[in-house]
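Since every read-out is calculated from the coordinates, none of them should be taken as a lab result. All figures in this text were calculated on a predicted structure; none of them were measured in a lab. Positions of Cβ are backbone-derived with ideal geometry, glycine not excepted, and every protein chain shown enters the neighbour counts.
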Ligand code: MN
C-alpha cells in the first residue's frame, strides 16, 4: 500500500457561502474537481516515495530542492496546487463574517511597507491583474516579518524560496470564468469582500513558528 501523502481538505463553509462574490457552481467545481485532481495526482507522484509522503504539504514545498529530480516538476506543480488551494479556501469567509481590515502587528507592517491599507489593496490588485496566463498572487512575509506582494506562475508557492504566505488569490481562469468570464478585474474587486483579514493577522503572528516547524521537517 502506498502511503497517502495528502488528503483533500473539506471546504470550511458551504458552496454558496461566498455568493454573490464567488458563485456556488464555481466553488463546487473548483474544490471538488480541480483541487481533488491535484490531490490525486500528487499522491500518485509520491506513491513510490514514502519518505516524502510523511511530511506536510508545506514541508514538501519548503524542501522542494531535496525532492528527487525525476519527480521534481510534478511534485512542484501538484504540491503547489494542493498547498495554494488549501490556503485559498482558508483565507476566505462569507462577506458578513470576514474581517475587512488587518489589526495589530500586520496592520502596522502594511502601513510601513505599503503606506496604508488602500495603497496595499491597489498594489496587490495590480499584481493579481498582471499574472500572465495561470498563476497566483500572494502576500508573504520572511522570517523578519518583512512583507511582499508576490505573483507566481502556474502553481509555484513562495515557501520554496523560504517565505510564508499570509493569504493568496487564485488567478487561474477556472477560479472566476463562470461568473466573470474574462473579466479578472471584476473578480479581484469582488474577492476583497470575502478575504478574511483575521486569518492573515493570525498567520502573521505565527509565521516564525511555522518556519521553524518546516525546518524541523526536513527530509
Ligand atoms: Mn484554482
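In whole angstrom, how far apart do the alpha carbon centroids of the range 1-53 and the range 65-88 sit? The distance from the Cα centre of the range 1-53 to that of the range 65-88 comes to 13 Å. Counting neighbouring Cβ atoms within 10 Å and putting the fewest first, the residues 171, 82 line up as 171, 82. Taking every alpha-carbon pair in the chain and binning the separations at 10 Å intervals from zero gives 8, 34, 37, 18, 2, 0 percent.
Dividing the summed -39500 (n - 2.57) terms of all DSSP H runs of n ≥ 4 by the residue count of the chain sets its mean residue ellipticity at 222 nm at -14000 deg cm²/dmol.
Just how many % of Cα pairs in the range 69-130 lie over 18 Å apart, if you round to the nearest whole percent? Tail fraction, whole percent: 61.
Just checking the listed ones, 145, 79, 164: in the Gaussian network model of the chain with Cα springs under 10 Å, the one fluctuating most is 145.
Based on Cα atoms of the range 32-123, Rg over Rh with Rh as the Kirkwood radius reads 1.13. Considered as an equivalent ellipsoid built on the Cα gyration tensor, the range 122-194 has semi-axes of 23, 13, 9 Å, the largest given first. The simple Förster model, with R0 at 35 Å and r as the Cβ-Cβ distance, assigns residue 47 and residue 206 a FRET efficiency of 0.65. With 0.36 nm allotted per residue and the present C-alpha distance subtracted, the residue 54-residue 182 stretch has 42.1 nm of extension available. Between residue 189 and residue 112, the FRET efficiency from the beta-carbon distance, with R0 = 30 Å, is close to 0.75.
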